[in-house]
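Working notes for the structure below.
The values are calculated or read from the model by the stated rules, or taken from the named source; none is laboratory data. From a predicted model like this one, the values you see are computed outputs, not experimental measurements. Note that we place each Cβ from the backbone using ideal geometry, even for glycine, and neighbour counts take in every protein chain shown. Calculation scope for accessible area: heavy atoms of the full protein, side chains included, ligands and nucleic acids excluded. Shrake-Rupley method; radii C 1.70, N 1.55, O 1.52, S 1.80 Å.
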Amino acid sequence: MSDGTAARFPQVKSLRSVDALRARLTELGVADAIPVADAAEPGGVLAQPVTFTDGAAGAHTAPNRFAVLPMEGWDGSTAGAPTDLVRRRWDRFAASGCGLVWGEATAVRHDGRANPRQLVLDETTADAVAALRARLDPSQVTGLQLTHSGRWCRPDGTPVPRTAYAHPLLDARVGADAGAVLTDAELDALTDDYVRAAVLASEAGFDFVDVKHCHGYLLHELLSARDRPGAYGGDLTHRTHFLRTVVAGIRARAPRLAIAVRVSVFDLVPFGPGADGRGVPDHGGPYELAFGGDGTGMGIDLTEAHALCDTLTALGVGLVSVTAGSPYYNPHVQRPAYFPPSDGYRPPEDPLVGVARHLAATAELAHAHPALAFVGGAYSYLQDWLPNVAEAVVGRGDTAIVGLGRMMLSYPTLARDILEGRPLDTRSICRTFSDCTTAPRAGLVSGCFPIDPFYKEHPDRVQLTRVKRAARG
């Protein structure tokens, strides 16, 4: 891809040795945030079991320190049920060697879907979703991410935004008006939908559900609803009212089900492409709408993230997945990548800086909240050096579990190879080409088209090539 990025930042794959990686991290000033071990040792810290304890459901133990992270699928049926493509993905999760599988984003109601092919958990799909859990190894601790997409709802392909509050920068991106803001009564009803879906997940055999609070979707947006009146806005107690209500409902109706939360612990101002295609902020002044932000739009303040972790502990939640930002308005914050999707922008910084932000935030929270088991993210961009960094990060207690997202699409057995001491298959390593985002944004199925042989031969690859060519033009 000729976008000028290569002239600015070295690709990770060009760093041919541990010393070269360490030198680059030192040059960027992020060596403290990204520790690098000489090697990942078979039978070492990554192979050790890890236990998290839920206040109602008790202890769950994953057999190792790797997790499959939840990714939004674009290949379910129009009714929200799994298809053969979804089942293939879960079969690869089963073979991955990961001790924890954090199942993909699943809408609690049809109109809360982010795309027309996203999974939905309701009475009509429950048996098919239960069959996904049955495809995994019984030793894998498995959850399902419950979601409502809020301002990013596209249940039938056209934006139908439902928002927590009027946003001065994001409303125009999705055509939201005052009527898009959910009322307190509508949010009250939605809590019932979350609890109903959680009960179905429990009956389906899942060990936990994730009450999703990340990436600009509805419950993440509620965390920054400081100016919203009523029960769901204002101070952090009110901004977590939805979470508290859902947790109480699940405890009452599905007490054997553990509860987890995946949360964007920090955010920055929305970005867009500048004149040269590089990402630039949409706004240059104070910005108070970023949960975990410092008010400038460009910095981090984890004070409220710490307070949220205290709340989760008090609620008996034992498992937290740390992420940041949003793929819609600041993707370089959310998933550091060398190559942008077709509707994105070139990275405004070396993506290793973005990795460092993730790892530093996770480490700060993990050391401050020992009752919580944290799953860290942003590891895929480390590519060939993922094992070395994972070994060092877990070894010094900066996270309990290493999460694998995009890497699972290209190299699903990475964790197994690391744990069993095999050399990495460098042909399968995710190079962050972002086709797994470009394709769905164009209405195509989700998969790794550049590397996975199955998707290399998929009919949608031809259309994807046209989409990318048109974007470059």
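For the range 409-468, report the accessible area per residue in Å² (1.4 Å probe, heavy atoms, rounded to an integer).
I get 45 Å² per residue for this part.
The relative contact order of the range 9-83 comes to 16 percent, based on Cα pairs under 8 Å that sit 6 or more residues apart. Sorted into 5 angstrom bins from 0, the C-alpha pair distances of the range 131-227 split as 3, 12, 20, 20, 16, 12, 8, 6, 3, 0 percent. Peptide packing for 21-27, 60-66 was compared via the average number of neighbouring C-beta atoms within 10 Å per residue; ordered from the highest value, the list is 60-66, 21-27.
Surface composition of the range 328-471: carbon plus sulfur atoms hold 52% of the accessible area, using a 1.4 angstrom probe and ignoring ligands, DNA and RNA. Within the straight-line cut-off of under 26 Å between alpha carbons, the lysines reachable from LYS456 are LYS13, LYS468, sequence neighbours fewer than 8 places apart in one chain being disregarded. Summing charges over neighbours of GLY103, with a neighbour being any other residue whose Cβ is under 12 Å away from its Cβ, gives +1 when K and R count +1 and D and E count -1.
Around the Cα centre of the range 7-92, unit charges on the Cβ atoms of Lys, Arg, Asp and Glu (plus for the first two, minus for the last two) sum to a dipole of about 300 debye. Scoring 384-390, 190-196 by mean Cβ neighbours within 10 Å over their residues and listing the highest first yields 384-390, 190-196.
What's the extension gain from ASP91 to ALA231 if we count 0.36 nm per residue and subtract their Cα-Cα distance?
Contour length minus the Cα-Cα distance gives 46.2 nm.
Summed over the residues of the range 335-378 and divided among them, the accessible surface reaches 26 Å² per residue at a probe radius of 1.4 Å.
How big is the charge dipole of the range 342-473 about its Cα centre, in debye rounded to the nearest 20, if each Lys and Arg gets +1 on its Cβ and each Asp and Glu gets -1 on its Cβ?
560 debye
Between ILE300 and ASP294, the built amide H atoms are under 5 Å apart, and every one of these is 5 or more places off in sequence or on another chain.
Take the range 1-114 with all the other protein chains still there, run a 1.4 Å probe, and you get 40 Å² of accessible area per residue. The share of accessible area on the range 163-303 that comes from carbon and sulfur is 56 percent, using a 1.4 angstrom probe.
Segment ASP19..SER139, full-extension length gain: 39.5 nm, with 0.36 nm per residue of separation and the alpha-carbon distance subtracted. When the Cα positions of GLN463, HIS306, ALA248 are compared along the charge dipole of the chain, GLN463 comes out farthest toward the positive end, with charges on each C-beta of Lys, Arg, Asp and Glu. The largest-to-smallest principal axis extents of the Cα set in the range 1-133 are 54, 44, 27 Å.
Other residues whose C-beta falls under 10 angstrom from the C-beta of LYS13 contribute a net charge of +1, scoring Lys and Arg +1 and Asp and Glu -1.
When you count the other C-beta atoms within 10 angstrom of each residue and take the mean per peptide, 307-314, 176-183 line up highest first as 307-314, 176-183. Oblate is the label for the range 304-417. Its Cα gyration tensor axes, ordered a ≥ b ≥ c, give a/c of at least 1.5 and b/c at or above a/b.
Summary of the geometry: the range 34-111 and the range 183-239, compared by the centres of their Cα atoms, lie 22 Å apart.
Working note: 222 nm ellipticity from helices only, DSSP H runs with n ≥ 4, each -39,500 (n - 2.57), summed and divided by the residues of the chain, gives -9500 deg cm²/dmol to the nearest 500.
A cut-off of 5 Å between modelled amide H atoms, ignoring neighbours fewer than 5 places along the same chain, links VAL101 with VAL68, VAL141, THR142, GLY143. Each Lys and Arg adds +1 at its Cβ and each Asp and Glu adds -1 at its Cβ; summed about the Cα centre, the chain shows a dipole of about 1100 debye.
Sort all Cα-Cα distances of the range 181-227 into consecutive 10 angstrom bins from zero, then give the percent of pairs in each bin up to the one containing the longest distance. Calculated over all Cα pairs of the range 181-227, the distribution is 23, 46, 27, 5 percent. With Rh defined as the Kirkwood radius, the inverse of the mean 1/r over Cα pairs, the Rg/Rh of the range 192-266 is 1.01. So how far, in whole Å, is the C-alpha centre of the range 123-137 from the one of the range 400-464? The range 123-137 and the range 400-464 have Cα centres separated by 23 Å. For the chain, the relative contact order is 17 percent, taking Cα pairs closer than 8 Å that sit 6 or more residues apart in sequence and dividing their mean separation by the residue count.
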